[in-house]
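Working notes for the structure below.
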Amino acid sequence: MGTRRSARARPLALPLAVLLLSACSSGVAAAAQDMERIKDDPVGKLKVYVYDLPPKYNKNIVAKDSRCLSHMFATEIFMHRFLLSSAIRTLNPDEADWFYTPVYTTCDLTPWGHPLTTKSPRMMRSAIKFISKYWPYWNRTEGADHFFVEAKAIERGILPVLRRATLVQTFGQKNHACLKDGSITVPPYTPAHKIRAHLVPPETPRSIFVYFRGLFYDTSNDPEGVFCLCPLGWAPWSPRLVEAVVFGCIPVIIADDIVLPFSDVIPWEEIAVFVAEDDVPQLDTILTSIPTEVILRKQAMLEEPSMKQTMLFPQPAEPGDGFHQVMNALARKLPHGRDVFLKPGQKVLNWTEGTREDLKPW
């Protein structure tokens with residue numbers, strides 16, 4: 001997560017409650033209207049059929065390595081659990097708008113807890129072959145009405161058989177081989193119960209001007225920063241972004257190629273500060289030159305409970321959380337266009353396309 005360090009300089013030590021009161025006349029109410037879709041309830045807007053796969057594709061993998069339940073790509077597991085108990089789920093595939101294949105491709109971890117991606121393509125191809133053999137729904141669209149949680153990027157790009165599917169992705173990076181048009185970018189998974197245990201009360205003085213720390217919820221120091229640095233690491237995104245929003249700390253996003261989660265409903269320009277990577281040497285000047293009324297406005301929006309909720313995948317699910325944002329995003333893609341359904345005998349995907357390694361049986 002990077003160097004654990006906080007910068008105590010140029011404090012803005014007003015209680016957050018005062019910030020909220022002061023910001024009410026600064027156009028927050030108008031900006032909040034743009035956030036109404038965050039609170040949408042997807043129930044009644046779509047039906048999802050969950051394929052019943054053999055446990056080797058999901059449950060057995062978690063049973064083998066429980067670390068999969070806490071790493072930043074665990075969304076694929078909890079999305080499955082959410083759908084199984086959701087009112088959005090339908091047991092009748094003929095009435096489904098979308099089809100979900102619960103395959104845990106990132107639950108193959110190194111001793112250090114990093115996902116291995118060498119077997120992921122073979123595992124996904126195997127799962128798709130299974131559903132295409134035992135159900136007719138994949139074959140009629142070649143996946144155009146199916147969605148998959150593809151948490152971890154693979155350097156060689158999107159699996160060819162997923163080119164018509166909708167991908168729910170955590171790797172938001174412009175021009176990346178794995179970023180697919182029409183995909184839904186989500187935040188990395190952060191255990192909601194841990195991060196909520198260190199929430200900053202609204203009356204807490206923001207006595208730290210710039211804050212930079214790794215896993216906030218694993219330390220004894222609560223983040224009381226006005227600004228929280230969210231620089232790129234091995235990818236443009238990281239859980240720091242989630243933590244900043246949930247703790248009401250203005251994210252300072254230093255990642256030129258980042259694709260932000262739920263950008264069609266979260267007003268990132270209104271709640272964050274963007275600093276070009278080349279401008280990092282001027283970071284102090286950039287942040288200290290931001291007018292106080294702008295800081296107040298951003299913090300007021302960040303204090304909205306619905307804003308914090310969008311970044312989390314709690315267990316059990318809660319209204320407006322990350323699960324519901326994904327469902328809302330899928331609902332906004334409906335109704336499916338005519339080009340989704342193939343004509344009799346029509347084929348689009350090439351099952352023999354791919355590397356020799358990816359084409360091996362799983």
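Take every pair of alpha-carbon atoms less than 8 Å apart whose residues are at least six positions apart; their mean separation over the length of region 54-157 yields a relative contact order of 33 percent. Spin-label model, LEU109 to GLU357: label points 7 Å out along the Cα-to-beta-carbon direction sit 2.2 nm apart. Here the relative contact order of region 192-311, from alpha carbon pairs under 8 Å that lie six or more residues apart, stands at 21 percent. Positive contributions from Lys and Arg (+1) and negative ones from Asp and Glu (-1), summed over other residues with Cβ under 12 Å from the Cβ of PHE130, come out at +3. A full extension of the chain between LEU342 and ASN175 corresponds to an added length of 57.2 nm, given 0.36 nm per residue minus the alpha carbon distance. Each peptide among 193-201, 295-303 gets the average number of other Cβ atoms lying within 10 Å of its residues, and from highest to lowest they stand as 295-303, 193-201. Pairs from the list LYS129/LYS174; LYS39/LYS298; LYS45/LYS347; LYS194/LYS308; LYS64/LYS129; LYS45/LYS298 with a Cα-Cα gap above 26 Å: LYS129/LYS174; LYS45/LYS347; LYS45/LYS298. Residue separation of ILE286 and ALA63 scaled by 0.36 nm, minus their Cα-Cα distance, works out to 75.4 nm of gained length. Working from Cα pairs under 8 Å separated by at least six residues, relative contact order for region 157-209 is 30 percent. Most tightly packed first, judged by the mean number of other beta-carbon atoms within 10 Å of their residues, the peptides 101-109, 228-236 read 101-109, 228-236. Label-to-label distance, LYS133 versus ALA276, with points set 7 angstrom from Cα along the beta-carbon direction: 5.4 nm. Using a simple spin-label model with pseudo-atoms 7 Å out from Cα toward Cβ, ALA235 and SER70 lie 2.0 nm apart.
For region 192-311, the solvent-accessible area of protein heavy atoms averages 37 Å² per residue (probe radius 1.4 Å; ligands and nucleic acids excluded).
The values are calculated or read from the model by the stated rules, or taken from the named source; none is laboratory data. What you see is a predicted model, and the numbers here were worked out from it, not measured in a lab. Neighbour counts are summed over all protein chains in view; Cβ atoms, including those assigned to glycine, are modelled from backbone coordinates with ideal geometry. To get the accessible areas, we keep the full protein, side chains included, count just its heavy atoms, and leave off ligands, DNA and RNA. Shrake-Rupley method; radii C 1.70, N 1.55, O 1.52, S 1.80 Å.
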